[in-house]
Amino acid sequence: MLEDVTTSRVREDALFEAAARPYLSQVRQALMRWAEVVSLGRLEDLLALYATDAILVPTVADEIGGHAEERRAYFESFLANPKLRCRIDTLRKRISHKLGTVVVGGHYTFTFERDGAEQTLPARYLFTFEEIDGVWLITGHHSSRMPSSL
């Protein structure tokens, strides 16, 4: 079951909660959309979720992608895993009114087929989202395998 927790350094009062709720909901939907397009293997839809200058620190590669062509190369390879699926397991959110960003972090699990058998890859994630031209886009994405899976 998905654990969904919101944290903030801003005073927890009714005004803040009311102001933050739409942003947090939209970012949660954007994260779920990310997992969906990964599971569907839709490269162009996946790349469209990232800002042009987004930074990617990927799960199963050593390179850090700061350009569209680097993100494309990584995700072409990653999405090539047969029967790839992504499940969001936990989700924590933080909104920064000062920076205009929402940060979400948690755990997700990738499953895919390798040599005819299903493989599982549990990982941690941290996404930074920013509303750009009315759309919540990923501006930063860090993912790493869970230490227990190494």
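Taking Val102 as the residue in question, decide whether it is under 20 Å from Leu49 (Cα atoms), open to solvent by less than 20 Å² (accessible area, probe 1.4 Å) and either without any contact (Cβ under 8 Å) to a residue 60 or more places away in the chain or β-branched (Val, Ile, Thr) (or both).
yes
Go through the residues of the stretch 105-114 one by one and say whether even a single one is within 19 Å of Arg42 (Cα to Cα), touching a residue at least 60 places away in the same chain (Cβ under 8 Å) and of a type in the set (Ser, Thr, Tyr).
yes
Is there a residue in the stretch 68-76 that is outside any helix (DSSP H, G or I), open to solvent by 80 Å² or more (accessible area, probe 1.4 Å), more than 15 Å from Leu137 (Cα to Cα) and without any contact (Cβ under 8 Å) to a residue 40 or more places away in the chain?
no
Spot the failing condition for Lys83; the list is (1) open to solvent by less than 60 Å² (accessible area, probe 1.4 Å); (2) assigned to a loop (DSSP other than H, G, I, E, B), and only one is missed.
That leaves (1) as the condition not met.
The values are calculated or read from the model by the stated rules, or taken from the named source; none is laboratory data. All of these numbers come straight from a predicted model, not from anything done at the bench. Cβ atoms come from the backbone with ideal geometry, glycine included; neighbour counts cover every protein chain shown. Please note that ligands, DNA and RNA were not included when accessible areas were found on the heavy atoms of the full protein model with its side chains. Shrake-Rupley method; radii C 1.70, N 1.55, O 1.52, S 1.80 Å.
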